[in-house]
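S.K.: Following this message is one structure expressed as structure tokens.
The values are calculated or read from the model by the stated rules, or taken from the named source; none is laboratory data. Please read all numbers here as calculations on a predicted model, not as lab measurements. Every residue, glycine as well, gets a Cβ built from its backbone with ideal geometry; the counts of neighbours run over all protein chains shown.
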Amino acid sequence: MTIPEIAVIEDSESTYRSLRALLASQYEVKWIQLENEDVKLSSESHPNLYVLDLGLPDCEIGFRILEHLRKKSPTTPIIILTGYCDARTAVRAMKLGANDYIQKPLDPDTFLTTINEMIMTPNRH
């Protein structure tokens with residue numbers, strides 16, 4: 001059986017390491033780093049889910065990456081993880097194709113439940 005893959009797009013290594021520690025018992029977790037205000041996505045990589053930090057290093061870059069991910073992988077679930085709690089930002093992210101919007105600091109149990117539901121029921125977009 002293949003282990004589902006989660007791609008984490010996050011500019012903070014410590015946050016990535018925390019997410020990996022939380023998810024690694026159930027999932028293969030890959031870190032996609034920001035390069036020159038863009039992400040380098042392998043054409044060979046097809047994760048089962050993306051976790052995207054919206055504020056890398058600002059929300060506009062995060063929104064551009066969200067749009068790019070949605071075009072590249074129209075059915076792959078995308079969870080926005082952000083320290084910003086603004087209704088307009090959340091609505092914009094959902095309109096651009098995010099499947100969920102989770103505020104930092106995250107509740108580990110709620111986060112895992114959301115991840116598990118999205119992995120088990122893809123194409124929820």
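S.K.: Scan the stretch 107-124 for residues that are over 16 Å from A7 (Cβ atoms) and either touching a strand residue (DSSP E or B) at 6+ places or on another chain (Cβ under 6 Å) or at pLDDT below 90 (or both) and jot them down.
M.R.: Taking the stretch 107-124 first, the residues over 16 Å from A7 (Cβ atoms) are 107-110, 112-113, 116-117, 120-121, 123-124.
Result: M120, T121, N123, R124.
S.K.: Now for a separate question. Please name all residue pairs, on different chains or six or more residues apart, with Cβ atoms under 8 Å, provided the first residue is in the stretch 79-92 and is under 16 Å from I65 (Cβ atoms) and the second residue is surrounded by fewer than 18 Cβ atoms within 10 Å (Cβ to Cβ) and basic (K, R).
M.R.: Short answer, once both residue conditions are applied: L81/K104; T82/K104.
S.K.: Do you know which of the residues in the stretch 48-76 that are at pLDDT 90 or above and of a type in the set (V, I, T) is surrounded by the most Cβ atoms within 10 Å (Cβ to Cβ)?
M.R.: Within the stretch 48-76, the match that is surrounded by the most Cβ atoms within 10 Å (Cβ to Cβ) is V51.
S.K.: Another question, if that's okay. Mind checking which pairs have a first residue in the stretch 1-23 that is closer than 20 Å to I61 by Cα and a second that is part of a loop (DSSP other than H, G, I, E, B) and among the small types (G, A, S), Cβ under 9 Å, 6 or more apart or different chains?
M.R.: A7/S45; D11/G55
S.K.: Condition first: over 13 Å from the mean Cα position of the chain (by Cα) and either of a type in the set (A, V, I, L, M, F, W, C) or assigned to a strand (DSSP E or B) (or both). Now tell me which residues in the stretch 113-125 satisfy that. Reasoning before the result, please.
M.R.: The first filter runs over the stretch 113-125 and keeps only residues over 13 Å from the mean Cα position of the chain (by Cα), leaving 113, 116-117, 120-125.
Selection gives M120 alone.
S.K.: Does the stretch 77-102 hold any residues that are at pLDDT 90 or above, more than 10 Å from the chain's Cα centre (by Cα) and in a loop (DSSP other than H, G, I, E, B), and which are they?
M.R.: Listed by number, the residues that qualify are L96, G97.
S.K.: Could you tell me whether the stretch 11-24 includes any residue that is at positive phi, at pLDDT below 90, loosely packed, with under 14 Cβ neighbours inside 10 Å and not β-branched (V, I, T)? Even if it seems obvious, please write down each step before you answer.
M.R.: The first filter runs over the stretch 11-24 and keeps only residues at positive phi, leaving none.
No, every residue in the stretch 11-24 fails to be at positive phi, at pLDDT below 90, loosely packed, with under 14 Cβ neighbours inside 10 Å and not β-branched (V, I, T).
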